[in-house]
1. Enumerate the amide H contacts of residue 709 below 5 Å, restricted to partners 5 or more residues apart or on another chain; note that Pro and chain-start residues carry no placed amide H.
2. May I ask you to evaluate 6.51 cos²θ - 1.76 cosθ + 1.60, the Karplus curve with θ = phi - 60°, for each residue of the stretch 678-688 and list the ³J(HN,Hα) values in order in whole Hz, giving x for glycine and proline?
3. If you stretched the chain out fully between residue 685 and residue 58, how much longer would it get, using 0.36 nm times the residue separation minus the C-alpha to C-alpha distance?
4. Using 0.36 nm per residue of separation minus the Cα-Cα distance, give me the extension gain between residue 370 and residue 41 in nm, one decimal.
5. With both partners inside the chain, how many of the DSSP beta bridges are antiparallel, as a percent to the nearest 5?
6. Over the stretch 1-110, consider all pairs of different Cα atoms and compute the Kirkwood hydrodynamic radius from their mean reciprocal separation; express it in Å, one decimal.
7. Summing +1 for each Lys or Arg and -1 for each Asp or Glu, what net charge is found among the other residues whose Cβ lies under 11 Å from the Cβ of residue 403?
8. Would you mind listing how long the chain runs along its three principal axes, going by Cα atoms, in whole Å with the largest first?
Amino acid sequence: METTSTPTHCPYCALQCGMNLSPTPEGGVEVTERVDFPVNRGALCGKGRTAPAVLSSRVRLTSPLVRSGGTLVPASWDEALDRIAGELGRIRAEHGPDALGVFGGGGLTNEKAYTLGKFARVVLGTSQIDYNGRFCMSSAAAGGIKAFGLDRGLPFPLEDIPRTGCVILVGSNLAETMPPALRFFSELRENGGTLIVVDPRRTRTAEQADLHLMPRPGTDLALALGLLHLVVAEGRVDEEYVRERTSGWEEARAAAMAHWPEHVERITGVSVPQLRETVRMFCEPESAMVLTARGPEQQSKGTDTVGAWINLCLATGRAGRPLSGYGCLTGQGNGQGGREHGQKADQLPGYRKLDDPAARRHVAEVWGVDPDSLPGPGRSAYELLDAMGTDIRSLLLLASNPVVSAPRAAHIEERLKSLDFLAVCDVVLSETAALADVVLPVTQWAEETGTMTSLEGRVLLRQRAITPPEGVRSDLEVLHELAARLGVEKGFPTDPEEVFEELRRASAGGPADYSGITYRRLAEENGVFWPCPAPEGTFAGAPAGASAGTAEAAGVAGAAGTAGAAGAAGAAGAAGAAGAAGAAGAAGAAVDDDGEDTGFDVLPEDPAREETGTVHPGALHPGTPRLFLDRFATDDGRARFVPVSHRPAAEEPDEEYPVFLTTGRVVAQYQSGAQTRRVDELNAAAPGPFVELHPRLAARLGAAEGDPLAVVSRRGRAVAPARITTGIRPDTVFMPFHWPGEGRANTLTNPALDPTSRMPEFKVCAVRVEIAGAE
Ligand code: SF4
């Protein structure tokens, strides 16, 4: 047991609130306030405050389990690992490497996400890896890359929000999903700025808004087009900005002009006067932002919807300028870092593309393998899960619970049961782990060190504060042991910092360049924003494909989209030389981890430098809080308009299924609830699912508060008590998705996929609602 208070971060959402963990006399830890972390300044929601309860939960797994005679029984680690390695080897020999599926999670640390991707491609040789972050922010990522050439959830820090003039918050209930973030919006309004919330429900977040728009579910794209139409019609386009910093305007303009406000009113249900007021509030201040979350993104047209909101920002000169821009509020704890380091079906570390020959060469050299041996891109998360039991014969799953969280969940549950072999790493026996052939009990956040990347793109150090219980091992140890049993003895260290040093080299020169970041810097600087290239010459000998551009070039905000501009030094040499202290704090020479002078300058705090990102050659890069101020990360430095048009949801209400269903979260539970449903205080606050509906719909059904309602879609049926409120559209019902069983909302959801991001349409489908038992 460590004896002093340890500064660290919450295990849950992408806000990654800072907290201290202090030892208790009983040998556990308690959460205490950590005011030095600027994002939450000590504030925590109930989930963060009670997070230690999961560490000592009575249902915590502390022994591997192996299925025997249809039952999971305790087994030794050697027995469990041998069984997994044996089954994976057998299936690979019989069916080929692509019969082996791997599924990761947006809660994994950067080190684990990196190692899992490497394990799949180097040890198993499979292309069939993806992760649950596909269900989180993939549409925003795809939209950001199309428009800006780079995806970082927020291209500016949260602290910019109170200083802008107006924020349009689209489909985010952050008052419940990340309550401490609400203060940025309260401060915005105190400073005279305005908040517009777009949501079909009057959520706790919408209650804070100056203007609340309640569109029909699935019509956010049309809404953005209608706003852009009015921007043009009212002469509010920033012509100079469009000319100087963008391309593709004429096509986007023509698409928007085809969406007349009256037409948009009919599609969305948002009145023309509300559209005009939104445009006025957004365009009048000098600066403004659009922030999206899962509402507009979890749609079968999520990428285009994000594109439409970005188009609105570009036409009004609201991107790549101080205090303005488009951003995505990523949900999962490491939703950002989880998509950067190689557990995504189409990506390699450093946010490189798996089908890019230069990227393959660079990463293969770091990994010490032949680039031609690396498999190509695999299937997206839902497609991979849907293929289980067909050409996917086994699944190794970490940090995910698709029985509860996948769309069309009953179908996915059956597919999991049809596998030849399922192995799950988890801390409790989740609904998915309960189906496994082998379950491995693994360490949790407070029991291990690792890095996370928050929704701001701020890389953070989450530090070990407590000794893990007897019988559990880290995911890194699991992958090390499995690699060895499958014949790969080297390259899978169990020490997180050793993994991070390799990740630095693998990311060097990529869009998400971490090469200038060290554990020591993270601890001393309270996190570092990527891109943060290492000083030139940090790594001896640049491999082919990795640019050794100048630090000045690397530091130009927005330049990181291309390897040449990102300019991290090469990757093949010894890591660690850049591990200097206090990079941005004081002028002077930097020292390495051993106190030796590195020969690099350490720059003093300089607000002007923060704005431009300019860094002198040889200096430690301070990180890049603000992207795109000088240029976007496209080849020509211009942002790209993407012409988009309205199209309906994959499933619209009809006679048989006349009501929209939308899903979301409640403040006391997190994602599939695997952890938070094990916390008594949270369960008392949010004990189960419910069906939120408008009094008019309730009256039509003859339903009273608390009556059991059956919600039926083309995919199945869920039952939960009625919660009647005027804070929802009369044509829509809402269910939270945290629970399994009879009230499982994802039994109903539609796996119709976005053609670009492969995001399922969680946020809108057609249902009928009846009083349960009266159907
Ligand atoms: Fe944890 Fe998110 Fe709550 Fe902060 S808002 S305490 S990061 S769950």
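1. Result for residue 709 returns 720, 722, 772.
2. 9, 10, 4, 4, 6, 5, 5, 6, 9, x, x
3. Additional length available on full extension: 223.8 nm.
4. 113.7 nm
5. The answer is about 50 percent antiparallel.
6. 17.6 Å
7. Charge balance in the 11 Å sphere: 0.
8. 69, 69, 53 Å, listed from the longest principal axis down.
The values are calculated or read from the model by the stated rules, or taken from the named source; none is laboratory data. Everything numeric here is computed off the predicted structure, so don't read it as measured data. Neighbour counts run over all protein chains shown; Cβ positions are idealised from the backbone, glycine included. Each accessible area value is taken on the protein alone, full model and side chains, heavy atoms only, with ligands, DNA and RNA left out. Shrake-Rupley method; radii C 1.70, N 1.55, O 1.52, S 1.80 Å.
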